[in-house]
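Here is the structure we will look at, set down as structure tokens.
The values are calculated or read from the model by the stated rules, or taken from the named source; none is laboratory data. Remember, it's a predicted structure, so these values are computed and weren't measured experimentally. All Cβ positions, even for glycine, are placed from backbone atoms using ideal geometry, and neighbour counts span all protein chains on display.
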Amino acid sequence: MNAFADDRKPLVILAAVVLVLAIALFLRGIGSLDLILFSILQYFATIGPVALGLGLTMIAREFDISVGSTMSLAGCVAVIVGQRDPNLGALAGIATGVAVGFLQGVLVTGLGLSSISVSLGALITLAGLSYVVTGNQTISLNHADITQAINAPIGSVFSVRSLFAIGCFAAAGVVVALTRVGAELTATGSDRVAAATAGVRVNRVVVVVFMLSGGLSAASGVFLSYGLSVASPSGLTDVLVPAISAAIVGGVALTGGRGSPVGIACGALTLCTLNAGLNALGVSPTMQQIILAGVLFTVAVVAAPRLNRIWMRRTQNGGGAL
Amino acid sequence: MTEAAHSLALSEGTPTGPRLRRVPLATLARLAALALLVGLALSTPGFLSRVSLIALANAMSLVGCVALAMTFLTIGGNIMSLSLAATTSVAGMVFMAALGWGLPTAVVLALVAGGVISGLQGAVIGWLRANPIIVSLAAYALLIGAAQLVAGPKVLPAGPDFQLLKGRWLDVPISFLVFVGLAIIGQLIVSFTRFGHELMFVGSNNRAAEAAGIHVGRVTVAAHVLAGAFAAIGGILVASRFGSADMQTARGFEYTAIAAVLIGGTSIAGGSGSLLQTLLGIAAIAVINALALMQGFSMEVQRLTVGCAVLVVIVLQGLGRMKR
Amino acid sequence: MPVRAIGEPAVARLTVDSMTKRFGAVTAIADVSLTLAAGEVRALCGGNGAGKSTLVKILTGVLLPTSGQIAVDGVPRRFGNPVDAQRAGLALVAQELSLAPDLSVHDNLWLGHADAPMRRRTAASVARARTVLDAVGLEAVAVDTRVADLSLAERQLIEIARGLIRNASTLILDEPTATLSEREIARVFEAVRRLKSRGCSVIYITHRMGEVYDLCDSVTVMRNGRLITTDLVANVPRHDLLELMIGRKLTDVYPAAAAPPGAVMLRVRDLSIPQIVDRFSAEVRAGEIVGIVGQIGSGTIETVRALAGLVHDAEGEVQVGKRIMMLGCSTRAASAGMRFVSEDRAAEGIFLDMSGHHNLVATRLSENVKSGVIRPWTLRRIARLLARQVSFDYRRLALAAGRLSGGNQQKLAIGRCSDRRHPGVILLNEPTRGVDMGARAEIYQTLRRLGAEGNAIVMASTDLEEIIGLVDRVVTMRRGRIVGVHARAAISETTILAEITQAEVTA
């Protein structure tokens, strides 16, 4: 059970956070709205696809903790290959992510391993691989035009990066809501055995979900690296905290079967708004990190299966239950 | 026994056979890897020299304490804690800051800090059944932020007593002695205490453990407190070695630690494992690293090798379970 | 529709030829052959562990057979996955329902349909869903309802509707009525008869004698993984059928109590669980075996779980011996003398990857500890002793429990409850689920022996045969309330069935 798992709750939370930010900004009377929206969407472009991939694995009752490393590796591969041909580089980076996801999915389904252990192994291996392909160096992309193009505002609030992220969410939202694939995904996470008995090819669903997770985080890594015009093997690992928070705040249940791309988008936007708000209010990066970590911690506690029970018993027995 | 039941029973695999004939694949692979390592070590000139061995012992002991700590959590079914290295660093900072009150006080305070930080996570995980990976990830981020806020980038020693822990006894580094001592104490706890046995049951199947009347929450908290204390000792050793404490030195220790735990043979699914095996695991990793260095491979390759080893161990464990 | 001579029908809808399935070293079914005609309703009977479920899983493509062939309408088939079986026209209404609780009725009906449209929802798909829902009598259920919000009976009917939506030519119903009330059973019968009239064949798995004779044309009996007999229903008298299933005289299986019961060991007053159990009260004496029986969802399982301290919101007064026990905490229940054997053996009953020896002593750690230090040799000795008591082969103690058969696993779970020095209350849910006949008899002996040692025994079971054969007293429940309490002499299948399904006794 996830206390956030309700179709409308992610939207309500998002609205609340936006409202608070708006009031705070109004009181301080600063900044151009466009700029703030732009920065929200830029951050959304980074964590959104990762949260989407991770969230999809969670809906299928799996968990891919290797998304950060995949993102890193894909960024490195893209920048290295992209020195000659940026398009080829982007393709190589994303292909790397998809391949990584495929391998993980096959291991999880083929051997019946828990996805946390497999993706943990992948996390360590991929981190090592990033160091090897870059030779433990920060590598820069010598294509200023591309960096420029990726980050240039479109319609004053969007950019290529953020439009790509929005596109991913839109595509995933349509597929999950309107095709049988969505029903099969939810069924796989809701009750795997029942879904298999009903005739859903659950193993295929899981493998595909891992490929999506790998591909989406890789795409995010590629865009980020191109946008920053550098890639380093250790640079991008801090994406896991916001991505998990976004997925759970977005209504994805850790027990599987609950959640939707639209909800995840709301969750991701909530975190981005929070982030942008803290930035705009001049909160120090350290304090921001503490607040974000606090959000995740709260989310973990609120999503804990036994929270209700202990709370109920406390109120019944006047606090003597523990 | 009826005839039918008897025939079924007979077809179940004879009692002595499996143990003699079917050595688990993972064990075989480990033995082969060990033989390979020993062979490589012996054939590498200078590996067995005094300097090289001392360096090896030193390299092992710091991250080794964290690996021992991790073993408790893995046996207890929580796979790993992403915050253990951060706990190590924070405990080291506490130790350095408290050295002004003397070595014993500083050690105790560091242990308490480690135990409390980890124990609180254990409480949320054990009593509320919150997801251990997410809780520890959040704790990791919190600790880094909080340490930065409270202590700044670096804590310098408030007293000189830490020099004691940097020393050697009969040419053996003190830190290494502490590490081996911890491994032995931890192993005794796991093998010969009620807590140790209950930890195995909880790790094997926490629902069955609860149904059998075992205090799952309490055991989980205890395992975390113990892990925090062991990690804190690691933190003390790290801080003493470098003469100051920060959040950077121990960064990534948790991954090396879980690698050592798995390579040592503790099951990632929980329910079985031993700290002495983890000691072997960390030794294997240290030897790999030392050899790679001496053979002229870069540090990057070491990371990749360890990662691949972890992946292979996880796959082998999965294959072994399927065979059963 | 009259059935042609069994074994050689003119149109064989389904032919199974010398089917065998082994799991590692364990043989689940051996050399099973059967032939099903179009429009035939075949009862498949057998006790727990007879191999029915394995056969069904092979027929529906969930398991691959070790050897043997399947042919549908004369065409040999090989089912690599459930979709193959579905395409061949076989559909299963599983005992553990195969519905995804988080999805809507519409999505569940179309879930896994081999030819479902790519669009999740079209006007046509909704209309078709509506039609099949109406056909099974679910007119009142909207297609958008979340399955989690439906009753068990409604879910059962949705499973049958799913078979209809797939145009199945052979429908396999796995104990469809175990969860239903009499009125709902009539609905299922109606649906089955409708299928039959359309030429659809049905394999109807049940252990209720009445259903075999009311609904089915022919019957196949399985026991211990083998096919015992196939015949027209008319040719098999009721009493013979029961003994064919069990494989021996009824009296050999169930031992009676040797001595009259002792002092009251367990006293329960007004045990309630919100929305599940309403004021359950009972007294159980040492040496007595009390059975709680009711349909799934009637609260029997939950009552036993609550007594074991595993239901957090249970309320009421429970007294074990002279001690009042606090509910909602398994540790306290255990220290009060409650010992629990779970209905879900793999998930909660035993530690699959630990040895038999460890499994037997899991509840005995506290008494073998001196200031926190355990004495492994005493534990080892206790494990051997317990193994002997439950007739578990002690040479297998070192094996991981996951490698043992269901019967041996259950012996471990029950052996854990034995403690001669401190008799207590032994709570069992479905004690012989997935246990073969031989081990069942041994388990019944063990339970009697545990009773003789001064334990009070409470078991919830949906296996009426076992309840009637074994227990000294039966408590029937319906919708969370006690309906009746009967002493051994007054127990009969018809009264129990009538009480738990709310039918007239005369019916």
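Here are the numbers for the structure shown:
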{"read-out": "Out of C:Val318, C:Val341, sole residue that is crowded, with 22+ Cβ neighbours inside 10 Å, at pLDDT 90 or above and either out of contact with any strand residue (DSSP E or B) (no Cβ under 9 Å at 6 or more places or on another chain) or within 14 Å of chain B (Cβ to nearest Cβ) (or both)", "value": "C:Val341"}
{"read-out": "Qualifying position, being modelled with pLDDT under 90, facing another protein chain (nearest Cβ under 9 Å), crowded, with 23+ Cβ neighbours inside 10 Å and within 24 Å of the chain's Cα centre (by Cα), among C:Gly349, C:Gly294, C:Gly299", "value": "C:Gly349"}
{"read-out": "Subset of the stretch C:98-146 that is facing chain A (nearest Cβ under 9 Å), in contact with a strand residue (DSSP E or B) (Cβ under 8 Å, 6 or more places away or on another chain) and not small (Gly, Ala, Ser) - its residue that is surrounded by the fewest Cβ atoms within 10 Å (Cβ to Cβ)", "value": "C:Met118"}
{"read-out": "Pick from the stretch B:170-206, criterion aromatic (Phe, Trp, Tyr) and more than 9 Å from every other protein chain (Cβ to nearest Cβ), ranking: surrounded by the fewest Cβ atoms within 10 Å (Cβ to Cβ)", "value": "B:Phe176"}
{"read-out": "Meets criteria (away from every other protein chain (no Cβ under 11 Å), over 20 Å from the mean Cα position of the chain (by Cα) and of a type in the set (S, T, N, Q)) for B:Gln163", "value": "yes"}
{"read-out": "The stretch C:360-372, residues that are within 9 Å of chain B (Cβ to nearest Cβ), in a helix (DSSP H, G or I) and at pLDDT 85 or above", "value": "C:Val361"}
{"read-out": "Unique residue being within 25 Å of A:Leu185 (Cβ to Cβ) and at pLDDT 90 or above when the list is A:Leu52, A:Leu91, A:Leu111", "value": "A:Leu52"}
{"read-out": "Selection from the stretch A:250-272 of residues that are more than 15 Å from the chain's Cα centre (by Cα) and crowded, with 20+ Cβ neighbours inside 10 Å", "value": "A:Gly256, A:Gly257, A:Arg258"}
{"read-out": "Matching residues, the stretch C:413-423, being part of a loop (DSSP other than H, G, I, E, B), closer than 17 Å to B:Ala211 by Cβ and either among the aromatic types (Phe, Trp, Tyr) or more than 11 Å from every other protein chain (Cβ to nearest Cβ) (or both)", "value": "C:Ser418, C:Asp419"}
{"read-out": "Selected residue (only one of A:Thr188, A:Thr197 is part of a helix (DSSP H, G or I), over 15 Å from the mean Cα position of the chain (by Cα), within 14 Å of chain C (Cβ to nearest Cβ) and touching a residue at least 60 places away in the same chain (Cβ under 8 Å))", "value": "A:Thr188"}
{"read-out": "Matching option when the condition is assigned to a loop (DSSP other than H, G, I, E, B), over 17 Å from C:Val471 (Cβ atoms) and either in contact with a Pro (Cβ under 6 Å, 6 or more places away or on another chain) or not assigned by TED's automatic domain parsing to the domain that holds C:His239 (or both), among C:Ile296, C:Ile324", "value": "C:Ile296"}
{"read-out": "In the stretch C:427-474, the residues that are assigned to a strand (DSSP E or B) and surrounded by fewer than 24 Cβ atoms within 10 Å (Cβ to Cβ)", "value": "C:Arg473"}
{"read-out": "Residues within the stretch A:99-131 that are surrounded by fewer than 21 Cβ atoms within 10 Å (Cβ to Cβ) and farther than 22 Å from B:Ile134 by Cβ, tallied", "value": "8"}
{"read-out": "Some residue of the stretch C:396-410 being over 18 Å from B:Phe201 (Cα atoms), touching a residue at least 60 places away in the same chain (Cβ under 8 Å), in a helix (DSSP H, G or I) and facing chain B (nearest Cβ under 9 Å)", "value": "yes"}
{"read-out": "Positions within the stretch C:69-90 being farther than 14 Å from A:Ala195 by Cα and in contact with a helix residue (DSSP H, G or I) (Cβ under 8 Å, 6 or more places away or on another chain), in sequence order", "value": "C:Ile70, C:Arg77, C:Arg78, C:Phe79, C:Ala85, C:Leu90"}
{"read-out": "Helices (runs of 4 or more DSSP H) wholly inside the stretch B:1-102 containing at least 2 residues that are farther than 29 Å from B:Val178 by Cβ and modelled with pLDDT under 75", "value": "B:3-10, B:17-21, B:25-43"}
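One line per residue, one yes/no per condition, for (1) within 20 Å of A:Val81 (Cα to Cα); (2) within 14 Å of another protein chain (Cβ to nearest Cβ):
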{"residue": "A:Gly121", "(1), (2)": "no, yes"}
{"residue": "A:Ala127", "(1), (2)": "yes, yes"}
{"residue": "A:Ser130", "(1), (2)": "yes, yes"}
{"residue": "A:Asn136", "(1), (2)": "yes, yes"}
{"residue": "A:Ile150", "(1), (2)": "yes, no"}
